[in-house]
1. Could you compute the FRET efficiency for Gln224 and Phe110, with r as their C-beta to C-beta distance and R0 at 35 Å, rounded to 0.05?
2. For the stretch 106-264, what is the accessible area per residue in Å², given a 1.4 Å probe and the full set of protein chains?
3. P(r) tail for the stretch 1-108, what percent of Cα pairs lie past 16 Å?
4. Using alpha-carbon pairs under 8 Å, 6+ residues apart, how would you state the relative contact order of the chain in percent?
5. By the scheme Lys and Arg +1, Asp and Glu -1, what is the net charge of all other residues having a beta-carbon under 13 Å from that of Ala313?
6. What number results when the radius of gyration of the stretch 302-369, computed over Cα atoms, is divided by 2.2 N^0.38 Å?
7. Would you mind calculating the gained length between Thr243 and Thr83 on full extension (0.36 nm times residue separation, minus the Cα-Cα distance), in nm to one decimal?
8. Compute the distance in nm between two label points, each set 7 Å from the Cα along the Cα-to-Cβ direction, one at Ala324 and one at Asp250.
Amino acid sequence: MSLYLGLISGTSMDGIDAALLEIGAARMHLHAAAEREWPAALQRRLRRAAEDPEHTGLHEFGELDTAVGVEFAEAAEHLLRATRVATSEVRAIGSHGQTLLHQPRAAMPFTLQIGDPNIIAERLGIDVVADFRRRDLAAGGEGAPLMPAFHAAAFGAAGQTRAVVNIGGIANVTLLPAGKVIGFDTGPGNCLLDSWARRHLHQAYDARGAWAASGTVDAELLGQLLRLPYFARSAPKSTGRETFSDGWLDAALAGRRLDPVDVQATLAQLTARTIADALISAGGTVPQDIYVCGGGAFNADLMTRLGAALPLARVGTTALCGIAPEHVEAAGFAWLAHRYLNAEPGNLPAVTGARRAVPLGALYRGSAA
């Protein structure tokens with residue numbers, strides 16, 4: 001068994017997730033995991049850059065790239081200290097970085113993650129694999145989602161039709177019918193819910209979805225939001241905050257006089273509805289078991305809405321399969337680092353749309369290497 005350390009901050013930008021994953025020839029095991037909060041001022045700068053990229057200058061971009069690299073290095077150091085694992089015991093770090101902009105269908109397609117891996121490699125003296133998405137993009141894919149390959153390896157079961165739903169800032173689904181993997185981004189997960197809660201509750205998020213649960217879904221607003229062409233687009237597809245921005249929501253709300261709590265309820269229903277619709281349309285039938293990961297797994301209202309939309313399925317979290325929902329993505333990037341160092345493909349062309357399967361990432365040697 002070899003130890004790999006995964007690092008990621010998702011589109012919600014609520015913290016840096018770090019996970020130590022033991023990987024052997026026939027199995028893997030989550031050894032330990034932790035979350036590091038963003039410094040408040042840096043978090044505000046990151047959210048501003050992602051929400052308004054056209055007004056983020058090169059100087060700000062450079063500073064953010066360095067600052068995120070430092071915070072990622074400290075997250076890794078904290079996890080190793082807490083678990084008393086020596087740096088020499090870790091084969092490599094898989095660092096996803098922080099996505100600021102994802103434009104796979106632009107005239108010149110690109111995806112932008114920051115968090116300088118050189119800083120992580122230098123500070124810890126451990127090999128770092130980073131820049132996971134751009135090789136898939138170069139091969140004609142969308143560069144996302146990347147987790148379905150890991151979901152299949154970690155949660156697939158012979159003879160069972162399962163689905164994994166990752167509800168981060170953006171939601172994505174992985175369907176695991178016999179012999180194949182289907183996966184794509186469904187639309188907003190927590191990003192609009194969190195942003196609306198920050199605006200009206202002055203809190204980082206709507207704890208357990210209690211505020212949304214007290215509101216009433218506005219059918220007219222929901223219908224307008226659902227008319228966005230992205231929802232009807234066939235897979236492969238991926239998206240981000242550049243599509244589901246505060247500006248997009250504000251445009252839909254223009255001229256409406258709605259109670260903020262009802263907007264929150266409508267946004268929760270939008271997330272649940274688009275996930276359920278995606279699972280049914282992509283799989284043809286409702287999966288037997290649905291395992292939820294990401295921050296949305298802790299939103300009781302969202303889980304209730306998802307269960308109501310999929311009454312024939314058993315809806316639980318990935319904890320039932322051995323990995324707590326908040327640690328799945330970090331574990332996934334530890335796994336992708338392992339794949340890269342073993343010269344194995346990390347993408348699934350059927351999921352990302354790439355022309356072929358390719359190793360994902362680039363290697364940054366640690367100072368002790």
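The values are calculated or read from the model by the stated rules, or taken from the named source; none is laboratory data. Keep in mind the model is a prediction, meaning the values are calculated, not measured. Counting neighbours? That spans all protein chains shown, and the Cβs are built from the backbone with ideal geometry, glycine included. To get the accessible areas, we keep the full protein, side chains included, count just its heavy atoms, and leave off ligands, DNA and RNA. Shrake-Rupley method; radii C 1.70, N 1.55, O 1.52, S 1.80 Å.
1. The value I calculate is 0.70.
2. Accessible area per residue, the stretch 106-264: 40 Å².
3. In whole percent, the long-distance tail amounts to 62.
4. Value for the chain: 24 percent.
5. Here the count lands on +1.
6. The reported ratio for this selection is 1.58.
7. Net length gain for the segment: 53.7 nm.
8. For Ala324 paired with Asp250, the spin-label model returns 3.7 nm.
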